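We did not get these values from a lab; they are worked out from the coordinates using the rules stated. Treat the numbers as computed from the prediction; the structure is a model and nothing was measured. In this analysis, Cβ positions are derived from the backbone assuming ideal geometry, glycine residues included, and neighbour counts consider all displayed protein chains.
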Amino acid sequence: MTLLLAIVVFSCVFVACQTAPQDQSWTEDVVSYSGFQLWSATPRNKTEREFLLKIRQDYELEVWRESRSDNRPVDLLISPDFQTELKLRLADAQIPYEVKIADMQTEINNENPNITDSGTEFENRFTTRFKRYMAAFISFIPGHKMDWNSYHRVDDIYGYLNYLADTYPRLVQLVSVGSSYEGRPLYVVRISSSSSGTKPAIWIDGGIHAREWISPAVATYIIQQLVEVADNERLLRNVDWYIMPVMNPDGYEYTHVNNRLWRKTRSMTGSRCRGADPNRNFGYQWGGKGTSRDKCSEIYHGSNAFSEPETRAVSNFISGKANQIQVYLTLHSYGQYLLIPWGYAVEYPADYNEMRDLAKAAASKFRRYKYTVGNSADLLYPAAGGSDDWAKSIGIKYSYTVELADTGRHGFILPASFIQPVCEDFFPALEVFVDKVATIKV
Ligand code: 0X9
Ligand code: ZN
């Protein structure tokens, strides 16, 4: 009888749902990358480097990966409008290049197959409605929709964090450290095996840059391993963890719904362009090299340091725990690098060698992917206002940026089938950081 009543109630809810708009963002513009290509060009000398710089400026090309020296490739996103002309110019200058992605939209459509609908319009509409109907039922049963076979939306990720906090209350605490520009909670998961007292801690964040989907996937995997795998209990014995899987949830959602290649936050800037680069918005050497005051730039530093609610909330939270947090890891993609401050210029902290030794020990744990360790500005490019530099500047000794896989074959559009291999490869390296901080008294 109760079951019958439940079915009747849910059927009514289901019918009512069909008349209300389900997702307002559907009505916003969706950006297509049909015909866009990813080219990788390798300059061999100064003349070729300067030539590439010139065409980047002439065509306002978006750079996915910088080349810092001869024989290192630069990855460029090329709109279909310029491809014929650019082919001729590169051939004239005899610069070797390779087309890494022949059609960006196809690559995007194939990236996340479990989530992208692939049936006819009728089938898709039917399955979407069916899924919604089922979801209404399932939401009453404790559980979650998270896995590491596909990239998930913020709702799934937050659903999982809430599930963990409810299921393992002695281990997991979910802290909302603020709200994003569009009002989403900014969640940090605290994982600690002791209810009283504090141990030295490791901070990990993901999703600063919206389009780097592998980063929240790895951050949630780490949470899952620490909380749900009994064998990893030793990683909690002497260390507390603060993990924020999605630092820029507005941008992340925007990449799922409107523009897969969005990087920044989604704040209004008082111009036609939205958002600031959160990794140029932290308050150390803010506004320096590798940043832009142009609001439409991908590396717009924001109107002032910590102008973005996301960076402000994170910095307030971390500042309050600066004595406890000994390691700061921020997960980005791509390139397979462990980057050491400073990033604002080719400058080295006094304890650089200690930082490098620890990073090298961590890198030696990777089995599948090879990571390069070195100074951030030197290996990539100078870029001020990064979260890693800021964390280092407030006294967090071991502060690193991790550029996860790959090295450029797929770039930001890393197929979902790579999630598990990348996560499994990365996780064992955390042991090195645990061993380092476990002995520190706070
Ligand atoms: O440019 C960035 O913000 C990072 N690379 S990414 O491709 N993920 O955008 C590198 C940041 C390195 N750290 C600093 N420059 N502080
Ligand atoms: Zn990034």
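Do any residues in segment 330-352 that are touching a residue at least 40 places away in the same chain (Cβ under 8 Å) have Cβ atoms under 6 Å from those of residues that are within 8 Å of ligand 1 (Cβ to nearest atom) and of a type in the set (A, V, I, L, M, F, W, C), where the two are at least six apart or on different chains, and which pairs are they?
343/377; 343/383; 344/384; 345/377
When you go through 262, 213 one by one, which is the residue that is under 30 Å from residue 36 (Cα atoms), within 14 Å of ligand 1 (Cβ to nearest atom) and touching a helix residue (DSSP H, G or I) at 6+ places or on another chain (Cβ under 6 Å)?
Values: 213 fails: touching a helix residue (DSSP H, G or I) at 6+ places or on another chain (Cβ under 6 Å).
That would be 262, the only listed residue that is under 30 Å from residue 36 (Cα atoms), within 14 Å of ligand 1 (Cβ to nearest atom) and touching a helix residue (DSSP H, G or I) at 6+ places or on another chain (Cβ under 6 Å).
Mind telling me which of the residues 391, 416, 384, 429 ends up being within 16 Å of residue 352 (Cα to Cα), away from ligand 2 (no atom under 13 Å from the Cβ) and among the hydrophobic types (A, V, I, L, M, F, W, C)? Even if it seems obvious, please write down each step before you answer.
Numbers: 416 fails: within 16 Å of residue 352 (Cα to Cα); 384 fails: within 16 Å of residue 352 (Cα to Cα); 429 fails: within 16 Å of residue 352 (Cα to Cα).
Testing whether each residue is within 16 Å of residue 352 (Cα to Cα), away from ligand 2 (no atom under 13 Å from the Cβ) and among the hydrophobic types (A, V, I, L, M, F, W, C) leaves just 391.
If we only count strands (runs of 3 or more DSSP E) wholly inside segment 331-411, which ones have 3 or more residues that are within 20 Å of the chain's Cα centre (by Cα), on the phi > 0 side of the Ramachandran plot and away from ligand 1 (no atom under 12 Å from the Cβ)? Break it down into steps so the answer makes sense when it comes.
Working: elements: 337-340, 372-375, 398-404.
Qualifying strands (runs of 3 or more DSSP E): none found.
So residue 217 passes all but one of these: (1) surrounded by 24 or more Cβ atoms within 10 Å (Cβ to Cβ); (2) farther than 23 Å from residue 321 by Cα; (3) away from ligand 2 (no atom under 16 Å from the Cβ). Which condition number does it fail?
Residue 217 satisfies every listed condition except (3).
Can you report the number of residues in segment 313-330 which are assigned to a strand (DSSP E or B) and either of a type in the set (Ser, Thr, Tyr) or within 11 Å of ligand 1 (Cβ to nearest atom) (or both)? If you could, list the steps in order and put the result at the bottom.
Initial filter on segment 313-330 (assigned to a strand (DSSP E or B)): 325-330.
Narrowing the set further to residues that are either of a type in the set (Ser, Thr, Tyr) or within 11 Å of ligand 1 (Cβ to nearest atom) (or both) leaves 328, 330.
Residues meeting the conditions: 2.
Scan segment 265-281 for residues that are touching a helix residue (DSSP H, G or I) at 6+ places or on another chain (Cβ under 8 Å), more than 10 Å from ligand 1 (Cβ to nearest atom) and not hydroxyl-bearing (Ser, Thr, Tyr) and jot them down. Step through it out loud before you land on a result.
Quick first cut of segment 265-281, residues touching a helix residue (DSSP H, G or I) at 6+ places or on another chain (Cβ under 8 Å) only: 265-267, 275, 278-279, 281.
In the following step, the residues that additionally are more than 10 Å from ligand 1 (Cβ to nearest atom) were identified as 265-267, 275, 281.
If the condition is that a residue be touching a helix residue (DSSP H, G or I) at 6+ places or on another chain (Cβ under 8 Å), more than 10 Å from ligand 1 (Cβ to nearest atom) and not hydroxyl-bearing (Ser, Thr, Tyr), then 266, 275, 281 are the ones that fit.
Could you say which residue among 233, 310, 253, 298 is acidic (Asp, Glu) and within 13 Å of ligand 1 (Cβ to nearest atom)?
Details: 233 fails: within 13 Å of ligand 1 (Cβ to nearest atom); 310 fails: within 13 Å of ligand 1 (Cβ to nearest atom); 253 fails: within 13 Å of ligand 1 (Cβ to nearest atom).
Exactly one residue qualifies, and that residue is 298.
Could you please give the count of residues in segment 191-227 that are closer than 17 Å to residue 315 by Cβ and outside any loop (DSSP other than H, G, I, E, B)?
Count: 4.
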